[in-house]
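For reference, the structure discussed in these notes is given below.
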Amino acid sequence: MKNRIYTEYKHILTFILLLSFLIAGPGCGGGEKITYTDVSIEHDYLGGDYEIFFPDTSTDVNLTYTLNLGLDPKDVFFIFTNTSESNYALPQLLENTVSGRSADEDEPALLTVPESADQTVPVLQRGKPQISDFNRNALLNTDSLSRNIYEPLEDPMPSNDTLGGTGTFYLGLSSSGSSVSASCRYVSGLIAGKTLNIWVANDCLSPSGTKSRLVTDAMVAELAKVFLKDGVDDIYTWVTDIFGDEWGTPPFTNLIDDNNEITILLYDIDNDNTTPLTEGGVAGYFYAKDNFKSSYYSGSNQRIMFYLDAVMFANGDGTDGTDWDVSDPSPGDIVSTLAHEFQHMIHFYQKQIKYELTTGTETWLDEMCSLVAEDFITMKLGALSGAEQVIIKGPRGVDGDTTGPGLPFNYDGRLPAYNYYNYISLTDWPDDDASNEFFLMSYAMSYAFGAYLARNYGGAEFFRNIVQCAYTDYRAVEYAAGVMGHDDNFTTILRNWGVANLLSDKTTVPQYEYNSGTDGFIADSLGYVLGSINLRNYYPTPFIWPYLPSSSSMYPVSNFLYIAGDNIQGANTWTLQMRKPVRLTVLVR
């Protein structure tokens, strides 16, 4: 699959950057008269491999910043962090003593990926925007939810979960909407107190289905084995050990009872009949409407369930898709999606049901947890032995049996897109009508941030604390950091993350570490291993702006990487005009 993220949207994002100055409102001009305070700050570089400075300001300033480097030539990077949830003007370089670093009216040409650059693993969308919005607001209308003494379902849960049973699954909120006919192809015994039911849409089922790739019972058995099996080496165990239970006794009578069953439905999502190696698409989703009784949403299937794309799952490595193994790129991505959507299921219960929140977690944060769940299970699957081992690449884009950072010129996973668009907003998730590529950019941003947090703030335990608390925004990150013994606020974490981008080729850089070398990360006392990341190993390498565009604003909650001087020495001075919410971090290396 040609990497369309880079080739089709580079001009659009350049235009957005230029236009944002005009439309962003507060912080970017718009006739607002701003008084800048003159501030001077000076730092001395003391030598060594790298050094970080935090020339903090607290108001709108004309900052004269002097950095004494001595005689050893060094590269100097500025990381600008917009701490606001609004656009704010990008700092402007009013004066400097470094040749060739003045502001420019034009945007620099963005990187392009060669036409021959194919991804080994497709980067597929998880979820659907409208479904994510529903899940986040499912309990918003609490007035219509009954708090009477809990009553079981008036109509019992479907009783046709027997091998070969048939039934209809509703895909929307109403039973009068779209639906799919399916057959039950797997029913587990009771494993760890749970029963797993796997259904396959009839038109996707081998041998009589009509889709381009058909699901066999052998494929279903492999899916069941990686999700829930006897023992503790499965996705169900790993993900619940981190985030908690997926369901329990609900506080409202409108919600279904807990019968300790989980259902997976494989069908052709969006009815596009495409294979991801050529077309991409939606790999799976969790839809909270099924957690409600059908008397509340007639389209509820009254199951704790999620949905996976059958055609993608059945697409093997051979040219006709028939040479199939669960570790192949396409089914491997569906395996990764299992963990992703399961986290969403757990997140819904842990946040909205247990805490009875009328509005759920902000999308970027929920997605970040799901992407890091993929990261955790990728390494777990890769660490299994013998025939049990499943090697997938996951969001890191490196084989799950490889704890080191992988090889250069890596096009796989989420990080190439992150490197390319590392200046967009972390928290501002695209609107429902945005193109698929824009969602993929936001997934990349959320994963890159989550991968940094997992490797520096406590791994699986840190993410458990994000999910198992009542905060639904950036405060969940601060809370989890505090529980793990860190006193960093969200602004500090963002600034540290910006530095980590520029130090990811180095190991042993505490609190700025993506990369711990070939041993990877032993994330915490739970024993979850995470692989090392060197952002410079991905193509393209991290985008660092060579000068400051004079007509741009910063995205909300974002970092902007700028090389202020390369191979320079002695005393250097920059005068920067900066808005109050923007923070400057300086890296010398």
Original post:
Length gain on complete extension for the stretch residue 62 to residue 166, per 0.36 nm per residue less the alpha carbon to alpha carbon distance?
Top reply: 30.4 nm
Original post:
Nearest 0.05, what FRET efficiency do residue 508 and residue 484 give at R0 = 25 Å with Cβ-Cβ as r?
Top reply: 0.80
**OP:** Could you sort out which of 289/393; 229/289; 194/293 sit more than 25 Å apart by Cα distance in this structure?
**Re:** 289/393; 229/289
Original post:
Measuring from label point to label point, each 7 Å out along Cα→Cβ, what is the residue 181 to residue 550 span in nm?
Top reply: 6.9
**OP:** Hey, for a label at residue 258 modelled as a point 7 Å past Cα toward Cβ, could you say which residues of the range 161-200 have their backbone N under 13 Å away?
**Re:** 193-194
Original post:
Can you work out the FRET efficiency for the pair residue 569 and residue 473, with r the C-beta to C-beta distance and R0 = 51 Å, to the nearest 0.05?
Top reply: 0.70
Subject >> Across 225/354; 211/380; 351/506; 128/354; 506/580, pairs whose alpha-carbon gap is larger than 28 Å >> reply: 225/354; 211/380; 351/506; 506/580
**OP:** Roll a 1.4 angstrom probe over the protein heavy atoms and tell me the percent of accessible area of the range 393-544 that is carbon or sulfur.
**Re:** 46
**OP:** Using 0.36 nm per residue of separation minus the Cα-Cα distance, give me the extension gain between residue 434 and residue 218 in nm, one decimal.
**Re:** 74.0 nm
Subject >> Distance between modelled label sites at residue 354 and residue 191, nm, 7 Å Cα→Cβ extension >> reply: 2.4
Subject >> Average accessible area per residue (Å²) across the range 438-477 - probe 1.4 Å, nucleic acids and ligands excluded >> reply: 19
Subject >> Peptides 388-400, 362-374, 503-515 ordered by average Cβ neighbours within 10 Å, highest first >> reply: 362-374, 388-400, 503-515
Original post:
How large, in percent, is the carbon and sulfur part of the accessible surface of the range 228-338 at a probe radius of 1.4 Å?
Top reply: 38
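The values are calculated or read from the model by the stated rules, or taken from the named source; none is laboratory data. All figures in this text were calculated on a predicted structure; none of them were measured in a lab. Quick reminder, even Gly has a Cβ in these numbers, built from the backbone with ideal geometry, and neighbours come from all protein chains shown. The protein model used for the area step is the full one, side chains on, heavy atoms only, and it has no ligands, DNA or RNA in it. Shrake-Rupley method; radii C 1.70, N 1.55, O 1.52, S 1.80 Å.
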